[in-house]
Ligand SMILES: [Zn+2]
């Protein structure tokens, strides 16, 4: 009697987890198959296994290896063209480089068509509280001391925001205009932008470029917040990339 009660009592989470494990095992997809994840996500689902495709990453042995695109993107010295002459270059420390390499390795592969040439290290921005900058052509990202030292910032916050800028600058002007229109941005005769609508953060109010960089950062770091604070942006990314972009698993 007691046993049967235990058997019948099933905490919903564990029931769900077991259902998905069975669902994956029955498919006979090898965990080590290079196409494991794509095969898994297209497996047939029923009511009880409806959410299991979200677990595919867990079931497959996908190694988190940096894409070749990111190799040597962290650069020493001074970028060839940097418009702020008063900003001084400093050396990277090992402790600074490692978390950046780890984060770059986790960026989804379908995002790497950006114009970025290098990520450089400088001491202070001319705008004293600024933790990072991206050149107007999206080719150069600079991280300042504030990225690593200021309590308001984390490396993930700053780097993903700047990579967002680089992605946006890599879009065609038509794509950028479409983004502006879809998100409700308007430009007046003086070239000043305004938007009535929702924003994911205070910084996103500045202009479409900052809005994009912030939306991109939240999409990868806190998609639930983006979905609730700016669902138009969340939908825009999902439409553009045909799926929800997610950071890959941590490597170390
Ligand atoms: Zn910015």
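Quick note: the coordinates plus some simple rules give every number you see, no bench work behind them. These numbers were taken from a predicted model, which means no experiment stands behind them. So basically every Cβ, Gly included, is an ideal-geometry build from the backbone, and we count neighbours across all protein chains shown.
Summary table
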| item | result |
| --- | --- |
| C-alpha long axis of helix 94-105 to longest principal axis of the chain, angle in ° | 60 |
| Estimated FRET transfer efficiency when R0 is 41 angstrom, pair residue 207-residue 41 (beta carbons, to 0.05) | 0.70 |
| Rounded to 10°, Cα long-axis angle of helix 155-170 versus longest principal axis of the chain | 70 |
| Relative contact order of the stretch 208-252, defined on C-alpha pairs under 8 angstrom at six or more residues apart (%) | 30 |
| Counting DSSP beta bridges with both ends in the chain, the antiparallel % (nearest 5) | 60 |
| Prolate/oblate/rounded label for the stretch 124-252 (Cα gyration tensor, a/c 1.5) | oblate |
| Mean Cβ count within 10 Å, highest first, over the residues of peptides 206-217, 164-175, 233-244 | 206-217, 164-175, 233-244 |
| Degrees, to the nearest 10: 173-183 long Cα axis against longest axis of the chain | 60 |
| Among 81-87, 98-104, the order from most to least packed when residues are scored by Cβ within 10 Å on average | 98-104, 81-87 |
| Length-normalised contact order of the chain in % [C-alpha pairs under 8 Å, at least 6 apart] | 14 |
